[in-house]
Amino acid sequence: MPGYNHYPDCTCGWCRGGGGGGSGGRASYTSLPVAGTRTIWDGDGCCYPTSCPICGAPVYFVRHNGGSVWFDSLGKPWPKHACFFDDGYGVRLRTRLAQPSEGTTTSFFGVVTETVVTNPGDSGRIVIQCSDGRVIDDEFSTTTDLTRYPGALVVVEEGEPGRFRLHRITGDDRVIEVWDCPSLGQVVVYDPSSQRGVKETDSRFWVWGEKRWTTLCDYRIQRLLVPLDSQEATRIAYEYLQAPPVPPPLSLRAILAGGASIARKKVTSIPVAIFAGTPYERHFMLPGVLTPERAAEWGREVEAIRRPRKA
């Protein structure tokens, strides 16, 4: 029997026999916490309005146990704030919100703040602080270990009034940057996990339209990159994460020089940070032929290009 406020045919992973975020089968009773086990997430809030620490614009900040997400506004099309890139959680959250299940009349998201095991392997109470301000506090059928879910990011889909589907958002903290480069006439993707063997003064990019890798000097390319439209950036980041391209193999020379064991190739360089002290702080290594003054000026130029203009 489905839990109260839940669909009998739900496949969200929170219900008996569900897919989604579940384990694919009934959990062993011996591995589940006993009835009455209560778990509370002690995070600092869920979704609240604030000001962007970079441009000062009004934004909505979402905190969950895997990281954070920034929105320009709440509701369709759930726009990403231009000053920040999403990690894996944010990309999947926006994608799920944009593709609701059949029969959904409204969808929003929330963070699980509390769970109480009622009947191990069968049902439990789940409390969700939602982006629209409401709090869902109901009993749900679930085979999973509820102690693992406080702090989890979930999409809530409502069909009939007061009846919900829950979709747990999984991901990782890898931030995929999607940029428009008008000078090249291309959209490029920067993946921090694909930089092995690249000189620390360069960056490797995936050229989206041509489906190939290219390596470019940061001193030149970073000033040519501008933010892409929010929805397009989310779409590209999601497709990239679904099937990440394999970076070029290291050359024999690089392997013999120890390149297989280091993330970046060391060269003479000078460090520069942009947006220091903010969530978007980013570090670059510029060619060592530059003076410290010119390197600092370069950092200010890049900040000016990437800081959205206030309306």
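The values are calculated or read from the model by the stated rules, or taken from the named source; none is laboratory data. Only a predicted model underlies this, so the values are computations on that prediction, with no experimental measurement involved. So basically every Cβ, Gly included, is an ideal-geometry build from the backbone, and we count neighbours across all protein chains shown.
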Revision key, fill the gap. Filtering the stretch 216-228 for residues that are exposed (fewer than 15 other Cβ atoms within 10 Å of the Cβ) and assigned to a strand (DSSP E or B) leaves a count of 2
Point to revise | Conditions (1) in contact (Cβ under 8 Å) with a residue 60 or more places away in the chain; (2) of a type outside the set (Lys, Arg); (3) outside any loop (DSSP other than H, G, I, E, B); (4) buried (at least 17 other Cβ atoms within 10 Å of the Cβ): number failed by Gln231 | key: (4)
**Study point:** Tyr60 vs. criteria at pLDDT 90 or above and either in a loop (DSSP other than H, G, I, E, B) or surrounded by fewer than 20 Cβ atoms within 10 Å (Cβ to Cβ) (or both)
**Key:** yes
Review point. What do you reckon, is Arg168 more than 30 Å from Cys46 (Cβ to Cβ) and either of a type outside the set (A, V, I, L, M) or modelled with pLDDT under 95 (or both)?
Key: no
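Matching residues to (1) of a type in the set (D, E, K, R); (2) within 23 Å of Leu241 (Cβ to Cβ):
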position	(1), (2)
Ile126	no, no
Glu139	yes, no
Arg163	yes, no
Arg174	yes, yes
Val187	no, yes
Tyr190	no, yes
Arg196	yes, yes
Thr201	no, no
Review point. Hey, any hits in the stretch 41-53 for a residue that's exposed (fewer than 13 other Cβ atoms within 10 Å of the Cβ), farther than 28 Å from Ile274 by Cβ and of a type outside the set (Phe, Trp, Tyr)?
Key: yes
Check your understanding: What about Asp132, is it within 16 Å of Tyr48 (Cβ to Cβ), of a type outside the set (A, V, I, L, M) and surrounded by fewer than 18 Cβ atoms within 10 Å (Cβ to Cβ)?
Key -> yes
Practice item. Give the residue that is surrounded by the most Cβ atoms within 10 Å (Cβ to Cβ), with candidates limited to residues of the stretch 194-208 that are in contact (Cβ under 8 Å) with a residue 24 or more places away in the chain and of a type in the set (Gly, Ala, Ser). Key: Gly197
Review point. Give me the pairs: first residue in the stretch 140-162 and in the same structural domain as Gly110 (by TED's automatic domain parsing), second residue in a loop (DSSP other than H, G, I, E, B) and of a type in the set (Asp, Glu), beta-carbon distance under 7 Å, and six or more apart or on different chains, which are they?
Key: Ser141/Asp122
Review point. Can you tell me which of Ser203, Ser193, Ser183 is touching a Leu at 6+ places or on another chain (Cβ under 7 Å) and either more than 25 Å from Ala304 (Cα to Cα) or in a strand (DSSP E or B) (or both)?
Key: Ser203
Study note, to complete from the structure: Checked the stretch 98-157 for anything of a type in the set (D, E, K, R) and in contact with a strand residue (DSSP E or B) (Cβ under 9 Å, 6 or more places away or on another chain); matches are Glu114, Asp122, Arg125, Asp132, Arg134, Asp137, Asp138, Glu139, Asp145, Arg148, Glu157
Exercise for review: Filter the stretch 151-175 for residues that are under 22 Å from Gly67 (Cβ atoms) and surrounded by 21 or more Cβ atoms within 10 Å (Cβ to Cβ) and give the result.
Suggested key: Ala152, Leu153, Val154, Val155, Val156, Leu166, His167, Ile169
Exercise for review: Select from the stretch 249-285 the residues that are among the β-branched types (Val, Ile, Thr) and modelled with pLDDT under 60 and write down the one among them that is farthest from Cys83 (Cα to Cα).
Suggested key: Ile255
Study note, to complete from the structure: In the stretch 160-185, anything acidic (Asp, Glu) and over 27 Å from Ser107 (Cα atoms) is listed as Asp180
